[in-house]
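Reviewing the structure listed below.
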Amino acid sequence: MPADSREEVRLNKFLSDAGYCSRREADRMIEAGLVTVDGGKAVMGQKVLPGQEVRVDGELLRRGEEQILLAFNKPVGVVCTTDRRWGDTTIYDLIDFPKRVFSIGRLDKASEGLLLLTNRGDLVNKIMRPGNAHEKEYLVEVDRDLCPDFLKQMSEGVYLSDLEVRTLPCRVFPLGKKKFRIILTQGLNRQIRRMCETLGYRVKGLKRVRVMNIELGGLKPGEYRQVSREEYIKMTELLQGSKNPGTKRGN
């Protein structure tokens, strides 16, 4: 008995429905030979049926599978762990979401701002893996006036003796006498605080305002929102070519 043609869907729409990328980007990946259907290389204009195995660069996709990505404004004093032994308020105490999600990286207890949460482990690894160099943007306030040498050293890289590593070059912009904006493509443990302390400054306030193309915007502390479909698709396009293995980091 022939398959019902109404169940067929074009492959580029399948990838879009799965939340992986836009149809235009799907066509590009099909043309580049990155997409397979039931183990065979896909072709432009191909249609797929329910139950067929579709992979992009080896990653299995499922049409209509819910891809959850939340943007959360973590308040100061809240921790990014599920461990409640010390009586801390955790991000999961504040996020009443009906399905299981986990954070993409961390912000330390004294820091605030944008934290992403998802149900996709591969997304976590691709964003957090240091070698993938995805941008994260922070607003920082320190305990004394900025000087040109401080800004220059921060942007060129600082040797952290306790970690035995020099930080990668980054972009730093003064915002006032004691405030600056910094854009990192690295995520060492407490990196910004360690950099400042090495140069004789102490961080008084640290807020993450952007991860890749996702911005904190007007979210109030303790609030979260679901990332829009457009934001999600843009992020997956930015992640094309990113490798999966990763380690957890935080500032």
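The values are calculated or read from the model by the stated rules, or taken from the named source; none is laboratory data. Since we're looking at a predicted model, the values are computed, not measured. Note: ideal-geometry Cβ built from the backbone for every residue, glycine included; neighbour counts use all protein chains shown. Please note that ligands, DNA and RNA were not included when accessible areas were found on the heavy atoms of the full protein model with its side chains. Shrake-Rupley method; radii C 1.70, N 1.55, O 1.52, S 1.80 Å.
Key figures
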quantity	calculated
Wholly enclosed strands (runs of 3 or more DSSP E) of the stretch 99-193 bearing at least 1 residues touching a residue at least 40 places away in the same chain (Cβ under 8 Å), in contact with a strand residue (DSSP E or B) (Cβ under 8 Å, 6 or more places away or on another chain) and under 25 Å from residue 213 (Cβ atoms)	112-118, 136-142, 179-184
Residue list for the stretch 80-98, restricted to those being open to solvent by 10 Å² or more (accessible area, probe 1.4 Å), in a helix (DSSP H, G or I) and not charged (D, E, K, R)	92, 94
Failed item in (1) assigned to a strand (DSSP E or B); (2) at positive phi, with residue 77 passing the rest	(1)
Residue in the stretch 49-60 that is closer than 30 Å to residue 206 by Cβ, open to solvent by 50 Å² or more (accessible area, probe 1.4 Å) and under 26 Å from the mean Cα position of the chain (by Cα) present	no
Residue count, the stretch 194-225 (criterion: in contact with a Leu (Cβ under 6 Å, 6 or more places away or on another chain) and touching a residue at least 60 places away in the same chain (Cβ under 8 Å))	8
Test: residue in the stretch 190-197 that is at positive phi and not charged (D, E, K, R)	no
Qualifying positions in the stretch 1-40 - hydrophobic (A, V, I, L, M, F, W, C) and at pLDDT 80 or above	9, 11, 14, 15, 26, 29, 30, 32, 34, 35, 37
Those residues of the stretch 46-74 which are modelled with pLDDT of 85 or more, in contact with a helix residue (DSSP H, G or I) (Cβ under 8 Å, 6 or more places away or on another chain) and assigned to a loop (DSSP other than H, G, I, E, B), in sequence order	46, 49
Residue satisfying condition, being modelled with pLDDT of 85 or more, assigned to a strand (DSSP E or B), of a type outside the set (Val, Ile, Thr) and open to solvent by less than 80 Å² (accessible area, probe 1.4 Å), within set 205, 200, 217	205
Subset of the stretch 31-45 that is assigned to a loop (DSSP other than H, G, I, E, B) and out of contact with any Lys or Arg (no Cβ under 6 Å at 6 or more places or on another chain) - its residue that is surrounded by the most Cβ atoms within 10 Å (Cβ to Cβ)	42
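Residues are listed down the side, and each one gets a yes or a no for (1) among the aromatic types (Phe, Trp, Tyr); (2) within 25 Å of residue 224 (Cα to Cα); (3) loosely packed, with under 14 Cβ neighbours inside 10 Å; (4) at pLDDT below 95:
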{"residue": "106", "(1), (2), (3), (4)": "no, yes, no, yes"}
{"residue": "115", "(1), (2), (3), (4)": "no, yes, no, no"}
{"residue": "128", "(1), (2), (3), (4)": "no, yes, no, yes"}
{"residue": "132", "(1), (2), (3), (4)": "no, no, no, yes"}
{"residue": "136", "(1), (2), (3), (4)": "no, yes, no, no"}
{"residue": "144", "(1), (2), (3), (4)": "no, no, yes, no"}
{"residue": "154", "(1), (2), (3), (4)": "no, no, no, no"}
{"residue": "173", "(1), (2), (3), (4)": "yes, no, yes, no"}
